[in-house]
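Here is the structure we will look at, set down as structure tokens.
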Amino acid sequence: MTSGVRTDRATAVTANALGGGEVVFLASSSPSAWTARFEDAAIFDSDVAAEAALSAAAASDFKVVDAYLIALDNSAGVWTPLSLRERIRALGPTTEPQLGPQARGGRVVEALQAADSAARSSGRIRLIRRR
Amino acid sequence: MLILSEDGGVRAVEDRFTVLGDEEGAGRARPVILSRARFEADAERLWSEGFELGVRLAADDKVEDLAYDLPRLAVVALEFPKFRDGRAFTSAVLLRQRYGFLGEVRAVGDVLLDQAFAMVRCGFSAFETRASAADWARAIGRYAVVYQTSADGRQPAFLARATKS
Amino acid sequence: MYAYDGLDRSLVRDRVDEFRDQVARRLAGSLSEEQFKPLRLMNGLYLQLHGYMLRVAIPYGVLSSAKLRALAHVARRWDRGYGHFTTRQNLQFHWVKLSETPDILAYLAEHDLHAIQTSGNCIRNTTTDPFAGAARDEADDPRVWCEVIRQWSTLHPEFSYLPRKFKIAVTASAKDRAAIKAHDIGLRLGRDAEGRLVFEVLVGGGLGRTPHIGALVKKDLPADRLLSFLTAILRVYNREGRRDNLYKARIKILVSELGLAAFAEKVEQEWAALDPTEIDILGTELARIRGQFALAKLDPRPAVSRGFEAARTREDFARFARNNIAPHKVQGYGIVTISLKGIGDTPGDCTADQMEAIADLAESYSQSEIRVTHAQNLVLPNVALDDALALFEGLRAIGLASANINLASDIIACPGLDYCALANARAIPIAQAIARRFEDPIFEEAVGELQVKISGCINACGHHHLGHIGILGVDKKGEEYYQLTLGGSGAEDAAIGAVLGPAVAAGDVADAVEALARRYLEVRQPEERFLDTVRRLGPTPFKAAVYEHADTV
Ligand code: SF4
């Protein structure tokens, strides 16, 4: 997926910290820095740019595991991870609101939670075909 | 370098054996390790010329197929294509326990330090690895107690308890 | 229960040192993640969505009060104050740090606890009947044999890098409370015509992508030949199990590809070639282990407990007694199951405070012994009926007096997408939504035994295939959908549930389950459980109940 031409799609880079395990994102503050706050994540407008930043971060003293790119969505006016899995990683378990990054609250956290419930809310039973 | 683990001692030595490729000319008699295919084609001739022979088995080769030749073999090299592939552990146990093979059982391929303990227990005695002899010795000596009998002849806990009481 | 001696302790301590060294090498960068991963997995350490998860082994689900307190301490000191009991009778901590794991394991080792072989392609923690040693209908105490297997399988040098993980379950009762037919090896202990202890050996059960019910490979295996027979099975599997495809690597695939008879033949050949004196359990060692499980003397009690009978006039306690207390083999005692499935709770979760309180209650009322069930509940196995009311009150004080064992809200759910890196969809919120539909205990008891099991992906940690109603999370273009299955069972009448119809959206699962329960009430015959009705009538009436109002998209 290249997203350079779209303004409603972007990319961030995520991983887990090696020593502590916590979810981290490449930070916007300075190259090669990682942050545990999704709101401080660097937003890349292409996967190519994100991958370049990730390679550069390999030299960082802060070691991470399993780094990968995630797609972001801006349909609510705030960048949020597109997939539910990544929103849960950015927030913490949906069943334990006092745990994980979501505990600190704030505008971005609320936007992520809203995106979450938007995906969840569905009216009556909708059917999908089985393969 | 090759790491040898014999009689409780661990040391790094120069490998006496060289690998003789399938297409290579045999040259003068010396210790060589052959692929299984070359072994089957050439072993009798090489032995008659005075070669000391080892054979390298892939993970899916069966040691049973070597039963007849084992008394004349100096080395059976068992390959770990990936360290996660544990078939060679069973091959080593069978070589030692079922066939009473007394030569060198060598671990080749993806040989991980953290498997040294299990390998020695299963009867491996030589290791093609980049790890140092000191690290290898430490890994092998990690556990003072074992629960099972295996090819290394260590006394398992249940026998230790029986002799104690 | 089994107490470690110096030899058992030495091994666990050496293991902690080894892992401390491996963690140091990983943090220093001399081990790559690829090399380290199988090593940490063999020490129960996973990397999940929010960080590292440590799975602590609870061998065959047996805990002492002291061990449970140690687990509470770990939850408080190194985690976020709670733990999650799993369908493997283990305990998971979801918030540990890699750098602190060696200290956690060292602390656990001081209490004879560890995380050895709770993951990885090795022989996992053996599971058994949570009522073992207390059940009326058992031929022998299966914990004795589980301990025999534990020692044999721990750091087994030949079987630590198998094609895939390997799970063994043991029962000694006709009533299967250990789901033995859903394990790589299921063992049923019984007595032959001469009264000797013998095993029935089932192989090739398992859930996941291709669920199988275990098939009989050996009848009347003399119990003292168990370890050599297991060695033969594992050896055939280690050599011939598929290693080219993760989804075809379990022993069930080997058995079905070879055919049961050919597989059994290979095992018999290997067994005949083994030297049993090297492997099989010594009579003296068996006696030593057996001695440790001998029931501490239970005071004789009258057949009828007056206090218990009086308390049963109270509706809440009567309900608890009906659903959560099973008969004990000693007169005047009962086996009490503690439900970790209160309405709105996360199935299997237990806080540090609750663990400590349960440890105290076990000390007062159950000889300091606690069991973990594969249904993610806890059991106090040796409770005098005279004490049952006091225990009930103690449980109520910590919010764990739900009287719902084997009822619709006693739901098995894996952690799902709230924690698990492999998940397609969440399981916990689905369980919570379903449980709320059965909040009225009169309705719930009217529905009766109904096992609902939820997995967040096809790995089936929530045993959904074995649910009377099974629920499997699937990902439909980034949205959570759930496939329903009907008619599964993990008991002696084991069966894999059949898919009911198209998957339903997250918000509609509870409706669907409630509709199934209500349809059952309409069409059942007297004395029929939900499962029996499903078996008698087939899926049609149930399908109609779920889908009659459905919009098709
Ligand atoms: S079933 Fe899937 S989602 Fe659930 S715990 Fe297992 S792997 Fe994770």
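Accessible area per residue for chain B, computed on protein heavy atoms with a 1.4 Å probe, is 44 Å². Principal-axis analysis of the Cα atoms of chain B puts helix B:36-48 at an angle of about 70° to the longest axis. Surface exposure of the range C:373-524, expressed per residue as accessible area with a 1.4 Å probe, stands at 27 Å².
Of the GluC sites (Glu not before Pro) found in the range C:467-532, those in coil by DSSP whose Cβ has at most 14 other Cβ atoms within 10 Å are C:E527. In terms of the mean number of neighbouring beta-carbon atoms within 10 Å, the peptides C:210-220, C:382-392 order highest first as C:382-392, C:210-220.
On the beta carbon distance between B:A41 and A:D45, with R0 = 56 Å, the FRET formula returns roughly 0.35. Quick check: the distance between the Cα centres of the range C:10-80 and the range C:284-311, to the nearest angstrom? That distance is 35 Å.
Within the accessible area of the range A:9-130, the carbon and sulfur atoms contribute 52%, probe 1.4 Å, all protein chains present.
Apolar share of the accessible surface for the range C:6-110: 47 percent from carbon plus sulfur atoms, 1.4 Å probe. Taking the centroid of alpha carbons for each part, the range C:386-462 and the range B:72-142 are 48 Å apart. Per-residue extension of 0.36 nm, minus the Cα-Cα distance of C:L282 and C:E33, leaves a gain of 85.5 nm for this segment. In plain terms, the chain from C:D440 to C:Q331 could stretch by 35.9 nm, reckoned as 0.36 nm per residue minus the Cα-Cα distance. Among the chymotrypsin sites (Phe, Trp or Tyr not before Pro) within the range C:1-96, those in coil by DSSP and having at most 16 neighbouring Cβ atoms inside 10 Å are C:Y4. Of the residues C:F542, C:S173, C:G344, the one whose Cα sits farthest towards the positive end of the charge dipole of chain C is C:F542 (charges of +1 on Lys and Arg Cβ, -1 on Asp and Glu Cβ, taken about the Cα centre). Placing +1 on the Cβ of every Lys and Arg and -1 on the Cβ of every Asp and Glu, with nothing else charged, gives the protein assembly as shown a dipole about its Cα centre of roughly 680 debye.
Residue by residue along C:147-157, Cβ atoms of other protein chains within 10 Å of the local Cβ number 5 on average. Tell me, which residues of the range A:56-96 get at least 30 Å² less accessible area when the other protein chains come in, versus the chain alone (1.4 Å probe)? Buried-area filter returns A:V65, A:L84, A:R85, A:I88, A:R89, A:P93, A:T94, A:T95, A:E96. The mean count of C-beta atoms from other chains within 10 Å of the C-beta of residues in C:94-100, rounded to a whole number, is 5.
Taken per residue, the accessible surface of the range A:17-70 reaches 47 Å², heavy atoms only and a 1.4 Å probe.
Taking only the C-alpha atoms of chain C, the Rg (one decimal) and the largest Cα-Cα distance, Dmax (whole number), read 22.8, 67 Å.
Computed over the range C:306-397, the alpha-carbon pair-distance distribution with 5 angstrom bins reads 3, 14, 26, 28, 19, 9, 2, 0, each value a whole percent. Between chain B and chain C, roughly 3600 Å² of accessible surface gets buried, counting both sides and using a 1.4 Å probe. Would you work out if the protein assembly as shown is rounded, prolate or oblate? Take a ≥ b ≥ c from the square roots of the eigenvalues of the alpha-carbon gyration tensor; rounded if a/c is under 1.5, else prolate when a/b is larger than b/c, oblate otherwise. Oblate. Over 25 Å apart at the Cα level, from the set C:K181/C:K476; C:K219/C:K329; C:K175/C:K266; C:K165/C:K453; C:K37/C:K67; B:K164/C:K297, are C:K181/C:K476; C:K219/C:K329; C:K175/C:K266; C:K37/C:K67; B:K164/C:K297.
Classify chain B as rounded, prolate or oblate, taking a ≥ b ≥ c as the square roots of the eigenvalues of its Cα gyration tensor: rounded when a/c is under 1.5, otherwise prolate if a/b is larger than b/c and oblate if not. Verdict is prolate for chain B. Packing, as the average of other Cβ atoms within 10 Å across residues, places the peptides C:152-160, C:135-143 in the order C:152-160, C:135-143, highest first.
Among the residues of the range A:17-37, those with an accessible-area drop of 50 Å² or more from chain alone to full protein complex, heavy atoms and 1.4 Å probe, are A:L18, A:G19. Pairs of Cα atoms nearer than 8 Å and 6+ residues apart set the relative contact order; for the range A:9-130 it is 23 percent.
Based on the Kirkwood radius over alpha-carbon pairs, what value in µm²/s does the Stokes-Einstein equation return for the translational diffusion coefficient of the range C:362-420 at 37 °C and 0.692 mPa s? For these conditions, the coefficient is 250 µm²/s. Shown here is the pair-distance distribution of the range C:6-73: with all Cα-Cα distances grouped in 10 Å bins from zero up to the longest one, the shares run 17, 42, 32, 10, 0 percent. Interface residues of the range C:394-436, defined as those losing at least 20 Å² of solvent-accessible heavy-atom surface relative to the isolated chain (probe radius 1.4 Å), are listed as C:L417, C:D418, C:Y419, C:A421, C:R426. Extension gain, C:T210 to C:V499, is 102.7 nm, computed as 0.36 nm per intervening residue step minus the present C-alpha separation.
Surface composition of the range B:2-164: carbon and sulfur make up 49 percent of the accessible area, probe 1.4 Å. Averaged over the residues of B:90-96, the number of partner chain Cβ atoms lying within 10 Å of the residue Cβ comes to 3.
When accessible surface is computed with a 1.4 Å probe, chains C and A are found to bury approximately 3500 Å² between them, both chains counted. Sorting the segments C:414-423, C:284-293, C:428-437, A:91-100 by their residues' average number of neighbouring beta-carbon atoms within 10 angstrom, most packed first, yields C:414-423, C:428-437, A:91-100, C:284-293.
Annotation: C:D192 carries an accessible surface of approximately 30 Å², with a 1.4 Å probe and no ligand, DNA or RNA atoms counted.
Annotation for the range B:115-165: trypsin sites (Lys or Arg not before Pro) lying in DSSP loop with at most 14 further Cβ atoms inside 10 Å of their Cβ are B:R130.
The values are calculated or read from the model by the stated rules, or taken from the named source; none is laboratory data. None of the values given here were measured: they were computed from a predicted structure. Note that we place each Cβ from the backbone using ideal geometry, even for glycine, and neighbour counts take in every protein chain shown. Please note that ligands, DNA and RNA were not included when accessible areas were found on the heavy atoms of the full protein model with its side chains. Shrake-Rupley method; radii C 1.70, N 1.55, O 1.52, S 1.80 Å.
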